[in-house]
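Read the figures in this text as sums done on the coordinates, not as results from a lab. Small disclaimer: the values here were computed from a predicted structure and weren't measured. Every residue, glycine as well, gets a Cβ built from its backbone with ideal geometry; the counts of neighbours run over all protein chains shown.
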Amino acid sequence: MRKLLTIILLLSVGLTAHAQGAKKVYKWEDADGNVYYGDSIPAEFAERPKKVLNDQGVSVAELEGKKTAEQREQERIDKERRVAAELQRRADQALLATYLSVDEIIMHRDRRVELFQAQSRVTELYLKNLERRLVDLRTEASRFQPYSNDADAPMIDADLAADLRDTKDTIARHQRNLEKYSADEKRIVDRFDGDIARFKRLKGIETTANNASGSTGT
């Protein structure tokens, strides 16, 4: 009986919609599972999922209801995972297109490391020269105020004071550069080590080695 009433209601709504210029007919359910049909959605059901029906009562589209906070959070997580997977796929593709072997990656890594080490050696040489100069400047400045213990010593010359200050600043800058080169070198090594591990995994090198050792053991 209920099914018959539903069919009659659906036909009635469909005929009315056709007479009014083929308006859209919607189908939705309330929280208790009761089914409703109509050419407009009452406000209390606006956030419920619904279907759009054609003149024959066949669903031609589905409209999502308002998502819960949990659903939105899950969608965010799923999207982040898809993005991460796509980025990894592109990185893997680039890695395999760039290198043919692990040895080639190591060679490239060592070249990059050598550049940082060369910069460090040059900077260390500058620092040694600057530190020697700073010793000489301090020795000279010790004859003047405010560096001299002699209360009667004259005030330091402006040029000497500026030279002393500039030398200290230059030393500090080169020391910061050394720290940066060291950090950059470590970052490059870590990145290439990651590339090597990923390359082996993609090529199945580790798996092959493990299988070979396992076979030998048996």
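Could you tally the net charge around Arg133, taking each other residue with its Cβ under 12 Å from the Cβ of Arg133, Lys/Arg +1 and Asp/Glu -1?
On the way: positive: Lys128, Arg132, Arg138, Lys168; negative: Glu131, Asp136, Glu140, Asp163, Asp166.
Here the count lands on -1.
In what sequence do Glu185, Glu75 fall when counting other Cβ within 10 Å, fewest first? Walk me through the numbers on the way to the answer.
Details: Glu185 18, Glu75 11.
Ordered by Cβ neighbours within 10 Å, fewest first: Glu75, Glu185.
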Next item on the list: Enumerate the amide H contacts of Ala153 below 5 Å, restricted to partners 5 or more residues apart or on another chain; note that Pro and chain-start residues carry no placed amide H.
Entry: none
Notebook entry, point to check: Within the stretch 116-162, which trypsin sites (Lys or Arg not before Pro) sit in a loop by DSSP and count at most 15 neighbouring Cβ atoms inside 10 Å?
Noted result: Arg143
Check: Each residue of the stretch 182-189 in order: what ³J(HN,Hα) in whole Hz does its phi give by Karplus 6.51 cos²θ - 1.76 cosθ + 1.60, θ = phi - 60°, with x for Gly and Pro?
Finding: 5, 5, 5, 4, 5, 5, 5, 4
